[in-house]
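Below: the structure, in structure tokens.
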Amino acid sequence: MKIIYQTILTIFSLVLTLSAFAKKGDKVPGYIVFEDGIKTEGTIVIGSITDNEVKVVFIKKGKSKKTVYRPNELISYGYEEVEKNEFGQDVKKWVHYDRFTVDYPPKIFASTTVFMEREVEGAITIYCYYIEVRDDPKKPYRYFYYLKDQNDDFRKIERESFPAVSKTVFKDYPALTDRIGKKSFEYRNLDRMVRDFNYWVVNKHNSGEYRVAMIGQ
């Protein structure tokens, strides 16, 4: 069982490693959602990892003019990109952003009202938020996770608070909480842990048995 479990995690990591995400400047199918809930489809021009958090460059379907929208004008947006899976095949994936207010802007002079990437959605939803680190060219970005739990409480999860908070959030699934802090169950793995927890919530398999939810489940 241990060998099977480790193999699954290895395959999962390989999927992420081989994925080729959309690059800055690429034009991809997308949508925007206005304050009144109206959804408009068109084309989105991909920005840098933090540009995507502070603005959306959008081209309405059938038009050629670019319009820039800020977080105070939209409640969400998304776009479709193509990834490579572990077999080298093209796989389409939708990337979604929702609007939130944070304690620190993603880049200098930016607003604290931002778009944040929704990485996993379900019983627990997790977001990943990046900020620029201007004095460290080797590591130009730092990321934080934000988590919305089953009570709709929205909170920032930092590395220091990760062990205690995650054990509370995942308390009904001891197969997961018992592994927190160990290899492959560290802060950087939180998005996968949320996906696996959501998989358990839906399937209700033995809470003492850990199962990995593959992407798309």
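Points worth noting:
- The residues in segment 142-164 that are more than 15 Å from the chain's Cα centre (by Cα) and part of a strand (DSSP E or B) can be counted, and the count is 0.
- Of residues in segment 28-52 being within 21 Å of the chain's Cα centre (by Cα) and not in a strand (DSSP E or B), the one nearest to K93 (Cα to Cα): I46
- Checking every residue in segment 190-199 against the condition of being in contact (Cβ under 8 Å) with a residue 24 or more places away in the chain, buried (at least 19 other Cβ atoms within 10 Å of the Cβ), out of contact with any Pro (no Cβ under 6 Å at 6 or more places or on another chain) and more than 30 Å from K39 (Cβ to Cβ) gives at least one match.
- Unmet criterion (only one of (1) assigned to a helix (DSSP H, G or I); (2) exposed (fewer than 15 other Cβ atoms within 10 Å of the Cβ)) for K167: (2)
- Subset of segment 200-217 (residues that are in contact (Cβ under 8 Å) with a residue 60 or more places away in the chain and of a type in the set (F, W, Y)): Y210
- The lone criterion from (1) small (G, A, S); (2) buried (at least 16 other Cβ atoms within 10 Å of the Cβ); (3) modelled with pLDDT of 95 or more left unmet by A22 is number (3).
- The residues of segment 206-217 that are at pLDDT 90 or above and either aromatic (F, W, Y) or surrounded by fewer than 13 Cβ atoms within 10 Å (Cβ to Cβ) (or both), listed by number, are N206, G208, E209, Y210.
- Among residues of segment 131-148, those that are in contact with a Lys or Arg (Cβ under 7 Å, 6 or more places away or on another chain), over 15 Å from V169 (Cα atoms) and surrounded by 14 or more Cβ atoms within 10 Å (Cβ to Cβ), counted: 3
- Residue that is nearest to R142 (Cα to Cα) [pool: residues in segment 170-217 that are of a type in the set (D, E) and part of a loop (DSSP other than H, G, I, E, B)]: E186
- Across segment 53-111, the qualifying residues are those that are among the basic types (K, R) and part of a strand (DSSP E or B), and the one among them that is surrounded by the fewest Cβ atoms within 10 Å (Cβ to Cβ) is K92.
- Per-region count, segment 140-170, residues among the aromatic types (F, W, Y) and either over 16 Å from D98 (Cα atoms) or touching a His at 6+ places or on another chain (Cβ under 9 Å) (or both): 4
The values are calculated or read from the model by the stated rules, or taken from the named source; none is laboratory data. The structure presented is a predicted model; accordingly, all values stated were derived computationally and were not measured. Glycine gets a Cβ as well: all are built from the backbone with ideal geometry, and neighbour counts include every protein chain shown.
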